[in-house]
């Protein structure tokens, strides 16, 4: 299962937040982005409970002001 976590941070906290995000188990990639969000964290997890734990960890990082999570889906043709 893939989760895409959009993250907003306080101005000036980008570097320490990025460093912390990069160390979270299950976060495959952290991408700084332009637009409404500051980062997108891509998580590869075994299930919704694992994703929930990652999101809760992200919300505890000093400087993170908000998150929005999108679940990836599998297309079966």
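If you go through the stretch 14-27, how many residues are over 15 Å from residue 70 (Cβ atoms) and either at pLDDT below 95 or in contact with a strand residue (DSSP E or B) (Cβ under 8 Å, 6 or more places away or on another chain) (or both)?
7
Suppose the filter is surrounded by 11 or more Cβ atoms within 10 Å (Cβ to Cβ), at pLDDT 95 or above and either more than 17 Å from residue 12 (Cα to Cα) or touching a helix residue (DSSP H, G or I) at 6+ places or on another chain (Cβ under 8 Å) (or both); does residue 33 pass it? Spell out how you get there, then give the answer.
Working: surrounded by 11 or more Cβ atoms within 10 Å (Cβ to Cβ): yes; at pLDDT 95 or above: yes; either more than 17 Å from residue 12 (Cα to Cα) or touching a helix residue (DSSP H, G or I) at 6+ places or on another chain (Cβ under 8 Å) (or both): no.
Spelling it out, it is not the case that residue 33 is surrounded by 11 or more Cβ atoms within 10 Å (Cβ to Cβ), at pLDDT 95 or above and either more than 17 Å from residue 12 (Cα to Cα) or touching a helix residue (DSSP H, G or I) at 6+ places or on another chain (Cβ under 8 Å) (or both).
I'm trying to understand the selection: among the residues of the stretch 4-28, which are more than 14 Å from residue 72 (Cβ to Cβ), touching a residue at least 40 places away in the same chain (Cβ under 8 Å) and touching a helix residue (DSSP H, G or I) at 6+ places or on another chain (Cβ under 8 Å)?
Selection gives 7, 9, 21.
Mind listing just one residue for me: the one in the stretch 38-51 that is surrounded by 13 or more Cβ atoms within 10 Å (Cβ to Cβ) and more than 11 Å from the chain's Cα centre (by Cα) and, of those, farthest from residue 1 (Cα to Cα)?
Across the stretch 38-51, the extreme among qualifying residues is 50.
Please identify the pairs in which a residue from the stretch 29-40 that is without any contact (Cβ under 8 Å) to a residue 12 or more places away in the chain has its Cβ atom under 7 Å from the Cβ atom of a residue that is buried (at least 17 other Cβ atoms within 10 Å of the Cβ) and assigned to a loop (DSSP other than H, G, I, E, B), counting only partners at least 6 apart or on another chain.
If the second residue must be buried (at least 17 other Cβ atoms within 10 Å of the Cβ) and assigned to a loop (DSSP other than H, G, I, E, B), no pairs are left.
The values are calculated or read from the model by the stated rules, or taken from the named source; none is laboratory data. Worth saying up front: this structure is predicted, and the values here are computed from it rather than measured. Heads up, the Cβs are rebuilt from the backbone with ideal geometry, glycines too, and the neighbour counts pull from every protein chain shown.
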